[in-house]
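Below: one structure, written as structure tokens.
Nothing in this text is a laboratory measurement; each read-out follows from the coordinates by a stated rule. What you are looking at is a predicted structure, and each value in this text was computed from that prediction instead of being measured. Please note: Cβ atoms are built from the backbone with ideal geometry, for glycine as well, and neighbour counts cover all protein chains shown.
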Amino acid sequence: MTADGVRHLLADDDLTPAEQAEVLDLAAALKAEPFSRRPLEGPRTVAMVFDKPTLRTQTSFSAGIAELGGFPMVVDGALAGIGERESVADVARVLGRQAAAVVWRTGPQERLEEMARHAGVPVVNALTDDYHPCQLLADLLTVREHTGSLAGRSVAFVGDGACNMGHSWLLAGAMAGMHVRVGAPVGYQPADDVVARAGALASGTGGSATVVADVGEAVDGVDVVVTDTWVSMGFEEQSADRTAALAPYAVTEDLVALADADAIVMHCLPAYRGREISAEVLDGPRSVVWDEAENRRHAQKAVLAWLLERSP
Ligand code: NVA
């Protein structure tokens, strides 16, 4: 919450564990009855700003905003020149006068925080370098659908543990009472402060948050195996180094064989078959990636409705 009393979703732990459960329940309800909540009736506008490429985020937010009764307005971040042509604060003040909420995909987390301080309307993180909380709400909904529960389930996130998805899995998974293991080599392990925050959350929810370098140890017996691209948007110039360092962490059938016999496999997409995940696993029977992609819409509708209802 910013000083003006407006609620935002800038990082996964902007929600409490009870609030996360409320949002997930609302997402499931909206999946069952897509037009049952119409907080954007009018239509009121939601601004979606993209400084980085997008497919799932733009389409799932657009469809979801329409289903909530609203109008999805896409803003090209490069065209707007946010932080260059005019300051983040001035862009925030302008967007807040046009839109009921702002959804932003950008790089540094500080830009998003600055937007939230000045927009006067809810701001939602649609991916930064540090976190991807909307994807995690969709992922948790997906785990719940496929396994029946979250608390007590175990998940291994393997590969680039320092990326937005590694961080968000630690925070959101621990918040849900899951046992989150990140399997990543030194140099690609999650930030210490994120591990500490996840550990603090886990101590209240009965979950756990651990980081190991041994990928087999990470995956051993888990209910859920997750990976993500080794080269996140904005890190393309490091592609060769990352590919060399992370190759042993590829999610192959041999690796998944170490997980629970009923384990599911997740990937936020886009996926690079033959690199961080084999085609056999991504396209195989354990993969739930298309459900994850669909669940973005339901989860984000829930976030928007929930935030709008709680902001002045
Ligand atoms: N870690 C990836 C997630 C893509 C949805 C990236 O930031 O590019």
Can you tell which of Ala21, Gly81, Thr45 lies farthest toward the positive end of the dipole of the range 1-94, using +1 and -1 charges on the Cβ of basic and acidic side chains (Lys, Arg; Asp, Glu)?
Thr45
Tabulate in residue order the Karplus-calculated ³J(HN,Hα) for the range 67-83, using 6.51 cos²θ - 1.76 cosθ + 1.60 with θ = phi - 60°, rounded to whole Hz; enter x for Gly and Pro.
5, 7, x, x, 10, x, 9, 8, 10, 7, x, 5, 5, 6, x, 5, x
GNM flexibility winner over the chain from Arg296, Arg56, Arg105 (Cα, springs under 10 Å):
Arg56
Residue-ordered couplings for the range 118-126, obtained by feeding phi - 60° into the Karplus form 6.51 cos²θ - 1.76 cosθ + 1.60 and rounding to whole Hz (Gly and Pro as x), are 10, 6, x, 9, x, 10, 10, 6, 9
Expressed as a whole-number percentage, the relative contact order of the chain with C-alpha contacts under 8 angstrom and at least six residues apart is 20
Given that compact globular proteins tend to follow 2.2 N^0.38 Å, what is the ratio of the alpha-carbon Rg of the range 1-139 to that value?
1.00
How would you order 59-71, 168-180, 184-196 from highest to lowest mean count of nearby Cβ atoms within 10 Å?
168-180, 59-71, 184-196
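So, with +1 on the Cβ of K and R and -1 on the Cβ of D and E, and no other charges, what is the size of the charge dipole of the range 207-260 about its Cα centre, to the nearest 20 debye? Don't jump to the answer; show the numbers that get you there.
Details: 1 positive and 11 negative charges, 27 e Å.
It comes to approximately 120 debye.
Looking at the range 51-123, what % of the alpha carbon pairs are farther apart than 15 Å? Present the calculation step by step, with values, prior to reporting the outcome.
Values: 1434 of 2628 pairs.
For the range 51-123, the fraction of Cα-Cα distances above 15 Å is 55 percent.
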Val222's amide H: which non-local residues (gap 5+, or another chain) put their own amide H closer than 5 Å, with H modeled 1.01 Å from N in plane and none for Pro or chain starts?
Asp260
Check: the chain dipole with +1 on Lys, Arg Cβ and -1 on Asp, Glu Cβ, in debye
1020
Which distance in nm do the two modelled labels at Asp90 and Asp4 give, with both placed 7 Å along the Cα-to-Cβ direction?
1.8
Which order do the peptides 216-224, 126-134 take when ranked by the mean count of other beta-carbon atoms within 10 Å per residue, highest first?
126-134, 216-224
For Val75, which sequence-distant residues (separation of 5 or more, or a different chain) have an amide H within less than 5 Å of its own amide H, given hydrogens modelled in the peptide plane?
Met48, Val49, Phe50
Work from the charge dipole of the chain (Cβ charges, +1 for Lys and Arg, -1 for Asp and Glu, about the Cα centre) and give the residue of Leu112, Ala271, Gly221 farthest towards its positive end.
Leu112
Between the range 241-312 and the range 188-235, the alpha-carbon center distance in angstrom:
14
Report the full-extension gain for the segment Asp76 to Glu236: residue separation times 0.36 nm, less the Cα-Cα distance, to one decimal in nm.
55.5 nm
Expressed as an acute angle from 0 to 90° and rounded to the nearest 10, what is the orientation of the C-alpha long axis of helix 192-205 relative to the principal long axis of the chain?
90
Tell me, what is a quarter of the convex hull surface for the C-alpha atoms of the range 153-205, in nm² with one decimal?
3.0
Return the long-range amide H neighbours of Thr45 (sequence gap of 5 or more, or a different chain), with a cut-off of under 5 Å between placed amide H atoms.
Phe71, Ala100
What FRET efficiency comes out for the pair Ala191/Leu55, r = Cβ-Cβ distance, R0 = 25 Å, nearest 0.05?
0.40
